[in-house]
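Only one structure is covered here, and it is reproduced in the block below.
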Amino acid sequence: MTTKTLTRWGAAVIVSTALSSPGFAAMGNTANTYGLLPLDVGTAQAMSLFNTQASALYYNPAYLTRDPRGELTVGLLHGEHELDVNSLGNPSGGGAAVIRDGSRMNVADTQQQVIALKTDLTDITKFEHPLYFAIIAGVEKYGEEMLAFDSKTSREGQTFNYGRQPLFLNLGGGLELANGITTGASAHISLRNKATLIASADLAGETQYEELSVTAKPVIRPVLSMNLEWDKVFCGKEDCGIWTGLETAFAFRGHTEARTSVESNLTIPGTVIDPGITVLIDTIDSYQPDIFSAGLLYHFTDNFRASVTVEQQNWKDLEKELERDTVKDQAQAEFKDIIVPRIGAEWTVNKNIILFGGVAYQESPLESIQTPDVNYFDNDKLVVGLGSSLIIHNPPILAYPMRLDFGYQFQKLEEREFELTTTRPGVANPYERVSTDGEVHVFSGSLTLKF
């Protein structure tokens, strides 16, 4: 027998696999929801396509070629979520309110430790064109939690987009094809976890004759990009009029998700005999859709540059993923593809100080106000960021410059109403109407050593 309603024995089996941690994970990933390094966070990702640091590996690997020096970066990111939900009453006219006015959602802080390495591989090849390699990794709880996975239903409602994130891993490189034309590619790696447990248990819940196997397989998705410096393309090193200082970038990031599958079979002698109770779970978390990005950068002076970027995020594809999700399939959630505009700027004050900032507006991809049993909340949001960099050209001991970066991001979630519903029998739907809004504060800092 296959069932989605777990007995207490089945629940014990799932817990024993230890595949779902109490991390309150969510859809999206760190790089897409907040930003990887301080420049990404502080410009609301408006300058991410044109970031010369190692995080270009994820946003625009072609831009790795812009700085020929190698670098080692260590960073920390802390995100605090102040998400409020208020009851608007029970439209069905029965039962006590589930949500208290002024309730704050229990959403875990995001605490990422990021490490990135970029190096020039040109000298180990016979190519005449510069070739660069980079790798970047992010781990939750400042390096203590590699698997933040949480997939569940919720009577009180749950946030769609915020929470802890699983291991972030990206590697690849950039190559200069011709004067002013660079390309890049990288691989984003996520995990598909699978657990199988077979056991016999008595009525006290004690198991025997157990068989347990757990595997984790990598799933690789591509990131592809191209960058064009129009003055070099048209005029080489000569002055090129209106084309001088103008760049465009194009990038594609393939969809990713963390997926966990659990299969368990339990027998209870004298009560549940062979073939026993079979529990099958196949569910996803931390889904990021296919993203197409395009950006325009202009160097107004040697010390000031500004960019405008646009992203298309194809969230509509998530509907098919959730249809075969055994935890969230009953939600019947409807999504839409969204366009995210961003604008940012960077000002080099002097040889030691750089200031940057940006703004973006992101619609919610969630169209449904009812997602039975799952009860997702998601809001349109305004994102504003700012930050600074300090470059120390002659640090003690070190032979090359050192860079310190700090970025802050503020996300304002617009108020939106939802209806809580369930597929449980005997409950009049919707059993409560709520409004949600809130704020998110993100702090990011990094240390970069050049070599």
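The values are calculated or read from the model by the stated rules, or taken from the named source; none is laboratory data. The shown structure was predicted, so the numbers you read here are calculated from the model rather than taken from an experiment. FYI the Cβ positions are ideal-geometry reconstructions off the backbone, even for glycines, and counts take in every protein chain you see. Just the protein is used for accessible areas: all its heavy atoms, side chains included, with ligands, DNA and RNA removed. Shrake-Rupley method; radii C 1.70, N 1.55, O 1.52, S 1.80 Å.
Going through Thr196, Thr207, Thr215, Thr182 one at a time, which residue ends up being of a type in the set (Val, Ile, Thr) and open to solvent by less than 20 Å² (accessible area, probe 1.4 Å)?
Exactly one of Thr196, Thr207, Thr215, Thr182 is of a type in the set (Val, Ile, Thr) and open to solvent by less than 20 Å² (accessible area, probe 1.4 Å), namely Thr182.
In a loop (DSSP other than H, G, I, E, B) and either under 20 Å from Ala26 (Cα atoms) or modelled with pLDDT under 95 (or both) - does that describe any residue in segment 380-389?
Yes; the residues of segment 380-389 include at least one that is in a loop (DSSP other than H, G, I, E, B) and either under 20 Å from Ala26 (Cα atoms) or modelled with pLDDT under 95 (or both).
Restricting to segment 282-305, name every residue that is surrounded by 16 or more Cβ atoms within 10 Å (Cβ to Cβ), at pLDDT below 95 and polar (S, T, N, Q).
Within segment 282-305, Thr283, Ser286, Gln288 meet the criteria.
Return the pair list, or none, for Cβ contacts closer than 6 Å from residues in segment 350-376 that are without any contact (Cβ under 8 Å) to a residue 24 or more places away in the chain to residues that are among the aliphatic types (A, V, I, L, M), at least 6 apart or on different chains.
Hits for this filter: Tyr361/Leu382.
Picking from Val359, Val349, Val340, Val308, which residue would you name as being open to solvent by less than 10 Å² (accessible area, probe 1.4 Å), over 30 Å from Asp202 (Cα atoms) and modelled with pLDDT of 95 or more?
Answer to the selection: Val340.
Identify all residues within segment 365-385 that are within 17 Å of Gln45 (Cβ to Cβ), among the aliphatic types (A, V, I, L, M) and surrounded by fewer than 19 Cβ atoms within 10 Å (Cβ to Cβ); write none if there are none.
Listed by number, the residues that qualify are Leu382, Val384.
What are the pairs, 6+ residues apart or on separate chains, where a residue within segment 423-450 that is closer than 30 Å to Leu398 by Cα has its Cβ under 6 Å from a residue that is among the small types (Gly, Ala, Ser)?
Filtered contacts from segment 423-450: Ser444/Gly407; Ser446/Gly75.
For residues that are touching a Pro at 6+ places or on another chain (Cβ under 8 Å) and among the aliphatic types (A, V, I, L, M), tally how many sit in segment 179-195.
4
In the set Phe133, Phe127, Phe149, which member is among the aromatic types (Phe, Trp, Tyr) and not in a loop (DSSP other than H, G, I, E, B)?
Phe133
Run Tyr431 past the list (1) open to solvent by less than 50 Å² (accessible area, probe 1.4 Å); (2) under 25 Å from the mean Cα position of the chain (by Cα) and report the number of the one that doesn't hold.
(2)
Looking only at segment 320-337, which residues are modelled with pLDDT of 95 or more, in contact with a Phe, Trp or Tyr (Cβ under 9 Å, 6 or more places away or on another chain) and open to solvent by 10 Å² or more (accessible area, probe 1.4 Å)?
Lys336, Asp337
Out of the residues in segment 257-281 that are open to solvent by 30 Å² or more (accessible area, probe 1.4 Å) and charged (D, E, K, R), which is modelled with the lowest pLDDT?
Checked segment 257-281; the qualifying residue modelled with the lowest pLDDT is Asp274.
Can you name every one of the strands (runs of 3 or more DSSP E) wholly within segment 181-275 that holds 1 or more residues which are more than 24 Å from Gln313 (Cα to Cα) and free of Cβ contacts under 8 Å to residues at least 60 places away in the same chain?
Answer list for segment 181-275: 181-201, 207-229, 246-253.
So, Glu140, is that one among the acidic types (Asp, Glu), in contact with a Lys or Arg (Cβ under 9 Å, 6 or more places away or on another chain) and open to solvent by 20 Å² or more (accessible area, probe 1.4 Å) or not?
It is false that Glu140 is among the acidic types (Asp, Glu), in contact with a Lys or Arg (Cβ under 9 Å, 6 or more places away or on another chain) and open to solvent by 20 Å² or more (accessible area, probe 1.4 Å).
Whether any residue in segment 241-260 is closer than 29 Å to Asp329 by Cα and over 27 Å from the mean Cα position of the chain (by Cα) is what I want to check.
no
Which one of Leu413, Leu420, Leu398 is hydrophobic (A, V, I, L, M, F, W, C) and either open to solvent by 50 Å² or more (accessible area, probe 1.4 Å) or under 21 Å from Ile115 (Cα atoms) (or both)?
Leu398 is the lone residue from the list that is hydrophobic (A, V, I, L, M, F, W, C) and either open to solvent by 50 Å² or more (accessible area, probe 1.4 Å) or under 21 Å from Ile115 (Cα atoms) (or both).
Among helices (runs of 4 or more DSSP H) lying entirely in segment 19-85, which contain 1 or more residues that are among the acidic types (Asp, Glu) and at pLDDT 95 or above?
Hits in segment 19-85: 38-42.
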